[in-house]
1. Quick one: helix 136-150 against the long Cα principal axis of the chain, what's the angle to the nearest 10°, folded into 0 to 90?
2. Suppose we keep just the alpha-carbon trace of region 65-139; what are its Rg and Dmax in angstrom?
3. With viscosity set to 1.002 mPa s and temperature to 20 °C, compute the Stokes-Einstein D of the chain, Rh being the Kirkwood radius across alpha carbon pairs; µm²/s, no decimals.
4. Positive end of the charge dipole of the chain (Lys, Arg +1 and Asp, Glu -1 on Cβ, about the Cα centre): tell me which of Ser65, Pro95, Pro132 has its Cα farthest that way.
5. For region 21-62, build the convex hull from the C-alpha positions and give me its volume per residue in Å³.
6. Over 22 Å between C-alpha atoms is what I'm after, so list which of Lys6/Lys89; Lys6/Lys97; Lys7/Lys157 land there.
7. What percent does the relative contact order of region 1-155 come to when contacts are Cα pairs within less than 8 Å and at least six residues apart?
8. Does anyone have the angle between helix 94-117 and the longest principal axis of the chain? Alpha-carbon axes, 0 to 90°, nearest 10?
Amino acid sequence: MKQTLKKLCPIAAALLLIFLDQSTKLFAASRLKNQADYPLFPGILEFSYLENTGAAFSSFMGKQSFLITVTAIAMLFLILKYLQIPEKKAEHYFPLKAALLLIISGGIGNLADRVLNGYVIDFIYFVPIDFPKFNVADCYVCIGMAFFAYLCFFHYKEEELDFLFTLKRK
């Protein structure tokens, strides 16, 4: 029973993160589409609806089949790597699992948009730096990647991450 719960917790966490992402996108679509931008903090943070048919910084605009394929392959690869994390030192690798869970959840959240809508809903806009609009899934991916990089460079020893570079489970 305890093992089953241990395996279901990450799935439940990922589903919750994906649900939160999709909920914010549905809310943005229902409240912001065809509406004026909504300044949350005028001159700093706005909510503004965008149907993005590209990837980061609007690259690969209109290449949905390519983006769906690449994202699906990347998510499958990351799930495989998540499953290869040694269970013997579960607590030791918890931060790595959390980072990968964020990246996977964000990737799946945006993949769901691409498959269901043909575009990703972006709605968060930082005015001072004119940063491209983004969404909650993008936040998951960026935070997860920054955390993952930190862990790889400063937290874990090189040999503790050997499993990331093999296809077999140890």
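1. Its long axis makes an angle of about 40 degrees.
2. 15.1, 47
3. Details: Rh = 17.4 Å.
Using the Kirkwood radius from Cα pairs, D works out to 123 µm²/s.
4. Pro95
5. Convex hull volume per residue, Cα atoms: 100 Å³.
6. Numbers: Lys6/Lys89 14 Å; Lys6/Lys97 13 Å; Lys7/Lys157 26 Å.
Checking Cα-Cα distances, Lys7/Lys157 exceed 22 Å.
7. 29
8. So the inclination is approximately 40 degrees.
Bear in mind these aren't lab numbers, they're just calculated from the coordinates by the rules spelled out. What you see is a predicted model; the values in this text were computed from it and never measured. Backbone-built Cβ (ideal geometry, glycine too); neighbour counts: all protein chains shown.
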